[in-house]
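Some notes on the structure that comes next.
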Amino acid sequence: MRFRQRRTRRRHQLQVTHQPIYLSRLSADFSGLRLVQLSDIHHGLYTRLDEVERAVELANRLEPDLVALTGDFVTNSPNYIAPVARALGRLRAGLGCFAVLGNHDHRVGANRVAWALEAHGIEVLRNRHVRLRRNGSSLTVAGVDDFSYGADDLRRALRGAIADTPTILLSHNPALLLQAAACGVDLVLSGHTHGGQVDAPRLRSFIGRRGLQVPLRFRHGWEQSGATQLYISRGIGTVVLPIRLRCPAEIPVLTLQGNGHAT
Ligand SMILES: [Fe+2]
């Protein structure tokens, strides 16, 4: 029993990683903005409600200006939608909490997940964007629906966004990087890969064959295509097996730095 508790604790050990990021088009008004990302919560048998609540508490303690929720709130059962949405509704961020849906949310019921999150004050960006303003400056936060379910429409998500406004794109799946770069997006935030979940090739391929397909190039951390940067979070929950090995759950805190100019 004690062994099991220790294993469970280790699986849900949350690592807060601090990521300073420079965006050349970010104005002085948004410079220093603190963005906290929660991804792949997978509330269900492997990620209990108290573990979700602990992640929310930790995120609030980081005093974010903005929270980005990058999909996979549940795994297989709709029974977990309402509790996870309620827990996430306690997130506090000055400029708001924004979400996109992941493949597991589509599997369970995309509309149900979106409605539950919206009912708790979380803005779900399904191929659309919002423009945040500070003094005279703007920052666009856009979101695409899930790529692996063919629900993504990046052009629609960015339609009407002002070309000279810095843009952060939330996309559950990191495979959209090249498309985002072609559209001039400054920063993409993704999850989906769980960082591979285990740092052991054989076990990773077992998990991959049963439902966690990790693109070869993208596993976790920073990537870049042209001027577009991508950060992939290792996420919080697990799928297939309740195991993380040398790949701890992660809450990234991105501090955005601009060029110091007002726009
Ligand atoms: Fe996931």
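Taken together, the values in this text are just the output of simple stated rules run on the coordinates, not laboratory data. Everything numeric in this text was worked out from a predicted model, so none of it was measured. Every residue, glycine among them, receives a Cβ derived from its backbone with ideal geometry; neighbour counts consider all protein chains shown.
Values for this structure:
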| read-out | value |
| --- | --- |
| Gain on full stretching of the segment that runs from Glu57 to Tyr149 - 0.36 nm per residue minus C-alpha separation | 30.0 nm |
| Extension gain, Arg156 back to Asn111 (0.36 nm per residue minus Cα-Cα distance, nm) | 14.3 nm |
| Distance between the range 186-204 and the range 102-117 - C-alpha centres, whole angstrom | 21 Å |
| Tail beyond 18 Å, pair distance distribution of the range 129-235 (Cα, percent) | 50 percent |
| Sites Ala182 and Arg134, calculated FRET efficiency, Cβ-Cβ separation with R0 35 Å, nearest 0.05 | 0.80 |
| Amide H contacts under 5 Å for Gly96, placed H, 5+ residues apart | Val67 |
| The range 120-130 - phi-based ³J(HN,Hα) in whole Hz, Karplus 6.51/-1.76/1.60, Gly and Pro as x | 10, x, 9, 7, 9, 9, 9, 6, 8, 9, 10 |
| For the range 58-74, Karplus couplings with θ = phi - 60° (6.51, -1.76, 1.60), whole Hz, Gly/Pro x | 5, 4, 5, 5, 7, 6, x, 7, 9, 10, 10, 10, 9, x, 6, 7, 10 |
| Relative contact order of the range 2-257, defined on C-alpha pairs under 8 angstrom at six or more residues apart (%) | 26 percent |
| Beta bridge orientation in the chain: antiparallel %, DSSP, nearest 5 | 30 percent |
| The range 11-134: projected area of the alpha-carbon convex hull, averaged over directions, in nm² | 7.9 nm² |
| Principal axis dimensions, largest first and in whole angstrom, of the range 94-147 by Cα | 41, 24, 12 |
| Paired Rg and Dmax values of the chain, which use every Cα atom, in angstrom | 17.3, 58 |
| Net charge dipole size for the range 2-257 [Lys, Arg +1 and Asp, Glu -1 on Cβ; Debye, nearest 20] | 1020 debye |
| Extension gain, Arg209 back to His18 (0.36 nm per residue minus Cα-Cα distance, nm) | 65.6 nm |
| Helix-derived mean residue ellipticity, 222 nm - over the chain, DSSP H n ≥ 4, -39500 (n - 2.57), to 500 | -7500 deg cm²/dmol |
| Selection of trypsin sites (Lys or Arg not before Pro), the range 177-253, meeting DSSP coil and at most 14 other Cβ within 10 Å | Arg210, Arg217, Arg246 |
| Positive-pole candidate from Thr75, Phe30, Leu132, dipole of the range 1-137, charges at beta carbon | Thr75 |
